[in-house]
Amino acid sequence: MSRVRADEEEYWHSSKFRAFTFDDEDDELSQLKESKRAVNSLRDIVDDDDDDLERVSWSGEPVGSITWSIKETASGSTSSLDGRDSSLQKGSSSYAALPKQVSSYSLSSLFKGRNKLPSFQSLSDALTDTGVKNYAPELRRPKAEYKDYSSDWGPKDTVRRMQRGKVCSLERFRSLQDKLVLLDEAVTGHDGNVITAVLIFLKRTLRREILFRELEVRQVALCHLIHFLKEMGEQKFLLDLLRFLDRTEEVALSQYREHLNIQDVEKRREFLKGCIGLPFSAEDTSHIQDHYTLLERQIIIEANDRHLEMAGQSELFRKYPRKASILNMPLVTTLFYSCFYHYTEAEGMFSSPTNLKKTFKIPDKQYVLTALAARAKLRAWGDVDALLTTKNWLGYTKKKAPIGFHRVVEILQRNNAPVQVLQEYMRLVEDVETRLNLATKYKCHDVVIETYRDLKDRIQLTAYKCKVERGSAEEEKINSILNN
């Protein structure tokens, strides 16, 4: 037994592992404790917090939350002094010179989860410190705001939120049934912006045939989509939709509208020629034909007049140079141009006003109004008189104005016609009150005096005598009428 005991003691003393003794001050356990104290001391000195990482304590609560901060503050104040080992004071002077604070939490610490010593700064704080650093609490967004992006809103709630201007994602409506319910809810809400937004989403996520078929039974949404396509200029998509709906006239009108995008006049003429055969209504077909014919005439007139203007062979073009080209102008503008530069040409000429009137069946009232404005601008009073003079079958002549002589007077006065010319046509105004108003307004004294004479209104004639100059021919005329 003694031998066995001796062997065991020899085994223990010969092993590389030494037995635990209370007297050994330099054993590995003491070194481990000392290392742990050093690490804890360094942790107080160096702040290795990373704001972008979320630390979690052993209690399971995120570091930085208010609950964690209050618990840590309470526990730190009671255990920091008791848990500090007395051997730390016996250690090296570098560690002993840095005592641990009882509590280093501030109001910002409660929100940010920081536990800094007041005497030390991290590298980022040292670089950005400007003397006094203010910590503002970083509050998270309310959870209600994330519902706009993450919650599964139904079609009705989605439309309601879109009407209030909230941001809502429509991508979660994947099935055809959900998309159609969403469209019906938007139509029910009577908000054009919401309806258009939903239609754009359906246009992007549905096949054309399916979208057209569903819109055919939803006329409100269909009208919104057609208007949107016209505004955005999506001509191909619009034509496909109208063909699917069998709206042939609208398809033709949409194709005809494309001529506005053609700048070259020859290409536009060829395009209009091709539009004549499209399935228009009878009235629209005649308008397309007139448009094509008018453009042909304008091309011919423009070429001839440009040549005359450049050659300087026409006195009218030298005296009144052209301000713009006649190409692509409306019919009324073309007629005014023709009455201004080609009024005396024979009817067989394309630029003749009478040829234009006959070809395009311009009404007499429109023709007289346009021709009168053009000739009055040139102060061609003889042409004005001939325009307003007609002959009956017996050969008697009389003045006739389809637009009314009161409008003739206004046009002539606007073009600075002489008083004699104004009075000639002012006497032809049938309504007495209108004639007196025009004569008084434009100071045609003879017409006023003659009208009061015909009315045998001595009081008004005497009153009007005060409005003319003393010693003038008008005053003598009034005196002569009053005396007789």
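Determine the order of Phe244, Phe271 by accessible area, beginning with the largest, at a probe radius of 1.4 Å.
Result, largest first: Phe244, Phe271.
What FRET efficiency comes out for the pair Lys323/Arg164, r = Cβ-Cβ distance, R0 = 51 Å, nearest 0.05?
Rounded to the nearest 0.05, the efficiency is 0.40.
Report the calculated FRET efficiency for Leu308 and Asp385 (r = Cβ-Cβ distance, R0 = 25 Å), to the nearest 0.05.
0.35
Taking the simple approach of a point 7 Å from Cα along Cα-to-Cβ for both Thr188 and Glu270, what is their distance in nm?
Output for this residue pair reads 5.5 nm.
Once you put a point 7 Å from the Cα of Gln460 and another 7 Å from the Cα of Thr359, both along the Cβ direction, what distance in nm separates them?
Going from the Gln460 label point to the Thr359 one covers 4.9 nm.
First select every other residue whose beta carbon is under 10 angstrom from the beta carbon of Arg322; then total the charges, Lys and Arg +1, Asp and Glu -1.
With Lys, Arg at +1 and Asp, Glu at -1, the net is -1.
At R0 = 45 Å, how high is the FRET efficiency between Glu410 and Arg247 if r is their beta carbon distance? Nearest 0.05 is fine.
Efficiency, rounded to the nearest 0.05: 0.50.
Pop a pseudo-label 7 angstrom from the Cα along the beta-carbon direction at both Gln366 and Lys441 and give the gap in nm to one decimal.
Taking the two extended label points, one gets 2.6 nm.
Looking at region 281-319, which GluC sites (Glu not before Pro) are in a loop (DSSP not H, G, I, E or B) and have at most 14 other Cβ atoms within 10 Å?
Answer by residue number: there is no such site.
Report the gain in length on full extension from Ser480 to Arg208: 0.36 nm times residue separation, minus Cα-Cα distance, nm rounded to one decimal.
Result: 89.1 nm gained on full extension.
Compute the signed sum of charges (Lys and Arg +1, Asp and Glu -1) over the other residues within less than 9 Å, Cβ to Cβ, of Leu388.
Around Leu388, the charge tally is +1.
Just the accessible area for Leu482, please: 1.4 Å probe, Å², rounded to the nearest 10?
Estimated to the nearest 10 Å², Leu482 gives 30 Å².
Ranked highest first by average number of other Cβ atoms within 10 Å, how do 378-389, 337-348 line up?
Put in order of decreasing packing, that is 337-348, 378-389.
The values are calculated or read from the model by the stated rules, or taken from the named source; none is laboratory data. These figures come from a predicted structure and were not determined experimentally. For neighbour counting, all protein chains shown are included, and Cβ atoms are generated from backbone atoms with ideal geometry for every residue, glycine included. What goes into the accessible areas is simple: the full protein's heavy atoms, side chains included, and nothing from ligands, DNA or RNA. Shrake-Rupley method; radii C 1.70, N 1.55, O 1.52, S 1.80 Å.
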